[in-house]
Amino acid sequence: MMDTLPVKSLAEEDRPREKAMRLGIRSLSNSELLAILINSGSSRESALTLSRRILSHVDNDLHELARLRANQLCDFNGIGKAKAVKIEAALELGRRRQKQETSEREIIRSSRQAYHILAPQLMDLRHEEFWVLFLSRKMTKVGLERMSSGGMHGTVVDPKIIFQKALTCHAYALILAHNHPSGNARPSMQDISLTKRLVKAAELLEMKVVDHLIIYDQSYYSFQDEGDLS
């Protein structure tokens, strides 16, 4: 039988807001946090039950929850436009916190550092995008820009646009990045071919492509680390 009790009728120790005030926000489960955003459920179920149903739909995976757009959240009975946008806004704040700008003076020494800068741009997308991190001769960031956006299985990249931007921001080195929404870790033949073309083009302009990251799920593949850059 479905739980029809509103959150306010639960025992005080079980109410998400009261629990957060007593024990701190970190004491709450994912469903309790989501219930606070939902605020009220429907005549059929409480906000807490509704939040559990939504999380169950995405197998309790917060990354999958972050991929849901407002119109998809509205498919759940009890979630209207206002609640859907509130949930999406909260998830976007979390995403923006993660991608907060790296210090302009931080020297990028590893693929892991580059991943932390690039992943928030790419990790929750259901389509492919291609981004470039532009670096100075000292390997500090001088630019970060999306170069193309495509479909589920690919995106078209124009090398001329990439190097035009590189020249504009006086970049010396480039780190390429794109995502695989399918979760496939390995580069495709097209990925390998494009990387080689861009490495050669950079050399002609006295620049360097220092890495190409493929971002998938919550991990990445580095051409540099795997010895596939040349």
(request) For S230, state whether it is at negative phi and within 17 Å of the chain's Cα centre (by Cα). (result) no
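Evaluate region 205-219: report whether one residue or more is over 16 Å from A119 (Cβ atoms) and aromatic (F, W, Y). Spell out the reasoning first.
Looking only at region 205-219, we keep the residues that are over 16 Å from A119 (Cβ atoms), and these are 205-210.
With aromatic (F, W, Y) added as a condition, the list becomes none.
So far as region 205-219 goes, no, none of its residues is over 16 Å from A119 (Cβ atoms) and aromatic (F, W, Y).
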(message) Given the condition more than 16 Å from Q218 (Cα to Cα), part of a helix (DSSP H, G or I) and not assigned by TED's automatic domain parsing to the domain that holds D217, answer yes or no: does some residue in region 106-115 qualify?
(response) no
(message) Any residue that is surrounded by 19 or more Cβ atoms within 10 Å (Cβ to Cβ), closer than 19 Å to A82 by Cβ, among the hydrophobic types (A, V, I, L, M, F, W, C) and not assigned by TED's automatic domain parsing to the domain that holds D217 - is there at least one of those in region 24-33?
(response) no
(message) So, in region 165-187, exactly how many residues are part of a strand (DSSP E or B) and more than 13 Å from W131 (Cβ to Cβ)?
(response) 1
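Which of the residues that make up region 31-83 are of a type in the set (S, T, N, Q) and more than 29 Å from Y216 (Cα to Cα)?
Taking region 31-83 as the starting set, the residues that turn out to be of a type in the set (S, T, N, Q) are 31, 39-40, 42-43, 46, 49, 51, 56, 60, 71-72, 77.
N39, S40, S42, S43, S46, T49, N77 - these are the residues of region 31-83 that are of a type in the set (S, T, N, Q) and more than 29 Å from Y216 (Cα to Cα).
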(request) Please work out which one of (1) outside any helix (DSSP H, G or I); (2) over 21 Å from C169 (Cβ atoms); (3) of a type in the set (D, E, K, R); (4) touching a residue at least 12 places away in the same chain (Cβ under 8 Å) is the condition K141 fails and give its number. (result) (2)
(message) Looking at region 188-205, can you tell me whether even one residue there is modelled with pLDDT under 95 and at positive phi?
(response) no
(message) Can you list residue pairs whose Cβ atoms sit under 7 Å apart, with the first residue in region 58-74 being closer than 15 Å to L122 by Cα and outside the structural domain of E128 (by TED's automatic domain parsing) and the second being among the polar types (S, T, N, Q) and modelled with pLDDT under 90? Count only pairs 6 or more apart in sequence or on different chains.
(response) H63/Q218
(request) Return yes or no: is Q164 in contact with an Asp or Glu (Cβ under 6 Å, 6 or more places away or on another chain), surrounded by fewer than 19 Cβ atoms within 10 Å (Cβ to Cβ) and at pLDDT 90 or above? (result) no
(message) Quick check on this structure: which one of R137, R146 is in contact with a strand residue (DSSP E or B) (Cβ under 6 Å, 6 or more places away or on another chain) and among the basic types (K, R)?
(response) R146
(request) Go through R137, R126 for me and flag whichever is surrounded by fewer than 16 Cβ atoms within 10 Å (Cβ to Cβ), at pLDDT below 90 and either hydroxyl-bearing (S, T, Y) or in the same structural domain as N184 (by TED's automatic domain parsing) (or both). (result) R126
(request) Considering each of A11, A20 in turn, give the residue that is of a type in the set (A, V, I, L, M, F, W, C), at pLDDT 85 or above and outside the structural domain of A177 (by TED's automatic domain parsing). (result) A20
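The values are calculated or read from the model by the stated rules, or taken from the named source; none is laboratory data. Model, not experiment: these values are computed from the prediction. Neighbour counts run over all protein chains shown; Cβ positions are idealised from the backbone, glycine included.
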